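Below is one structure, written out as structure tokens; comments come after it.
The values are calculated or read from the model by the stated rules, or taken from the named source; none is laboratory data. Keep in mind that what you see is a predicted model, and the values were worked out from it rather than measured. Because the Cβ atoms are built from the backbone with ideal geometry, glycine has one as well, and the counts that use them run over all protein chains shown.
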Amino acid sequence: MSDLENELRRHFGYRSFRSYQKEVVESVLAESDTIAFLPTGMGKSLCYQLPAKLMTGLTIVVSPLVSLMEDQVIQLRSKGEKNAAHLSSLLSNEERRFVLKHLNRWSLLFVSPEMLSQQWLVKKLAARKVSLFVVDEAHCISQWGHEFRTDYLRLADVRKSLGQPVCLALTATATREVEEDIVSKMHMVRPERFRAPVNRENIFLQVHTCENEYEKQREFVKYLQGSAQPAICYAGTRQDAEDYAHLAAKTGGLRTAYYHGGVSKEDRIMIQQQFLNDELDMICATNAFGMGIDKSDIRTIIHLYLPQSVEQYLQETGRAGRDGGQSAAKMIVAGDDVRLSLRMLQRDLPDKPNHCKYFSRRIVSSSLLE
């Protein structure tokens, strides 16, 4: 057993690493910028949790969701880790002051990109030695940074202000174009790159096409009768999420809830917690739900719409069977879903002045994928 395996066992109780975990950890400990694409369920978080134990100084983890930060800290503390904290809107002013006052105490600090846009905080963090700068769900840099969360594009400057610590970018899947965008936006220098296969053999994939909405609902009800729970059902609109949650409860007798951006923040947190605690059999949601959900025994994923990209589809289906158990992912779509997807794609197309830039990026992407 190697020294690294001994440290893994001592700190986390695991006898061996999962695929690619050891290579990523070794790269980080060798102080190489690192980008890793590890499918959901392969233990991305260990890739920074173990180095945080072994490196001197602070590990900063940039996370896109407040709920994800809180969940990570709760889980770490449940395992006896006392040196992890997060800075987010979920904390009271008193709790936030406590975290900032005791910065020297933390080895792991979870923050949002928006929090790091505040110069006073960056200066305070710079007073500590920062050894590792982690961007979790790093595809958000490319997918969100150019639009409504522009603070993602400032992370490279934040990293520079913190003394240019080692950078680790983690995500479940991304195209070569997104990969190069992450490397460029984070100013990563000759990064080590690790890309695990995206195929999950324990997830059985199915597609059922329907003539109309009525047939789609019948197929949905029929599929529920033989499917296992817990389950997530992804819908293309808020109204569909609500309608199918009611349909699952009425015809299948399932404990369901709907989740989308129109649900209050307090209710979303409550629904998420109920799902994690096995108090709900199914959540019907838009794609607002799921990122960072640490529930290993999800057995079924249902898509009632066409995701906007292969990466999105893999992200969402990959939330099933993280414990290695047999799971299923079924897409049930009708003609209207195809039209909805096309409308959404057209909405995302650039205006005419940006056409050349838009399509030249895709030509570069195609050449990288060849």
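General observations
- Identity of the residue in the range 286-334, assigned to a helix (DSSP H, G or I) and in contact with a strand residue (DSSP E or B) (Cβ under 8 Å, 6 or more places away or on another chain), that ends up nearest to GLN229 (Cα to Cα): THR317
- All positions within the range 25-80 that are hydrophobic (A, V, I, L, M, F, W, C), modelled with pLDDT under 85 and part of a loop (DSSP other than H, G, I, E, B): MET42, LEU65
- ASP278 falls short on exactly one of the conditions (1) within 29 Å of ILE74 (Cβ to Cβ); (2) assigned to a helix (DSSP H, G or I), and that condition is (2).
- Any pair with Cβ under 7 angstrom, 6 or more apart, that starts in the range 228-247 at a residue that is among the hydroxyl-bearing types (Ser, Thr, Tyr) and ends at one that is assigned to a helix (DSSP H, G or I): TYR234/GLU316; TYR244/PHE220
- Look at (1) in the same structural domain as GLN273 (by TED's automatic domain parsing); (2) surrounded by 20 or more Cβ atoms within 10 Å (Cβ to Cβ); (3) touching a helix residue (DSSP H, G or I) at 6+ places or on another chain (Cβ under 8 Å); (4) not small (Gly, Ala, Ser) and you find that CYS210 fails only one, number (2).
- Of ARG195, ARG176, ARG200, all but one fail to be crowded, with 19+ Cβ neighbours inside 10 Å and of a type in the set (Lys, Arg); the exception is ARG200.
- If the condition is being acidic (Asp, Glu) and under 17 Å from THR300 (Cβ atoms), then the range 232-278 contributes only ASP278.
- Test: residue in the range 96-104 that is touching a strand residue (DSSP E or B) at 6+ places or on another chain (Cβ under 7 Å), closer than 23 Å to VAL166 by Cβ and not β-branched (Val, Ile, Thr): no
Residues are listed down the side, and each one gets a yes or a no for (1) assigned to a loop (DSSP other than H, G, I, E, B); (2) modelled with pLDDT under 95; (3) out of contact with any His (no Cβ under 7 Å at 6 or more places or on another chain):
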residue: LEU116; (1), (2), (3): no, yes, yes
residue: ARG128; (1), (2), (3): yes, yes, yes
residue: SER131; (1), (2), (3): no, no, yes
residue: GLU137; (1), (2), (3): yes, yes, yes
residue: CYS140; (1), (2), (3): no, yes, yes
residue: ASP151; (1), (2), (3): no, yes, yes
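- One residue stands out in the range 222-232 among those that are farther than 11 Å from MET331 by Cβ and either surrounded by 15 or more Cβ atoms within 10 Å (Cβ to Cβ) or of a type in the set (Gly, Ala, Ser) (or both): the one that is modelled with the lowest pLDDT, namely GLY226.
- Test set (1) under 21 Å from the mean Cα position of the chain (by Cα); (2) outside the structural domain of THR317 (by TED's automatic domain parsing) - ARG190 fails condition number: (1)
- Those residues of the range 327-341 which are buried (at least 20 other Cβ atoms within 10 Å of the Cβ) and not charged (D, E, K, R), in sequence order: SER327, ALA328, ALA329, MET331, ILE332, VAL333, ALA334
- Where a residue in the range 332-355 is under 9 Å from LEU306 (Cβ atoms) and assigned by TED's automatic domain parsing to the domain that holds GLY236 and its partner, wherever it lies, is β-branched (Val, Ile, Thr) and modelled with pLDDT of 60 or more, with Cβ under 8 Å and at least six apart: VAL333/VAL207; VAL333/THR209; LEU340/THR237
- Contact map, the range 88-100: first residue surrounded by 14 or more Cβ atoms within 10 Å (Cβ to Cβ), second residue of a type in the set (A, V, I, L, M) and in a loop (DSSP other than H, G, I, E, B), Cβ cut-off under 6 Å, separation 6 or more or different chains; pairs are VAL99/LEU87.
- Positions within the range 167-186 being out of contact with any strand residue (DSSP E or B) (no Cβ under 8 Å at 6 or more places or on another chain) and part of a loop (DSSP other than H, G, I, E, B), in sequence order: THR175
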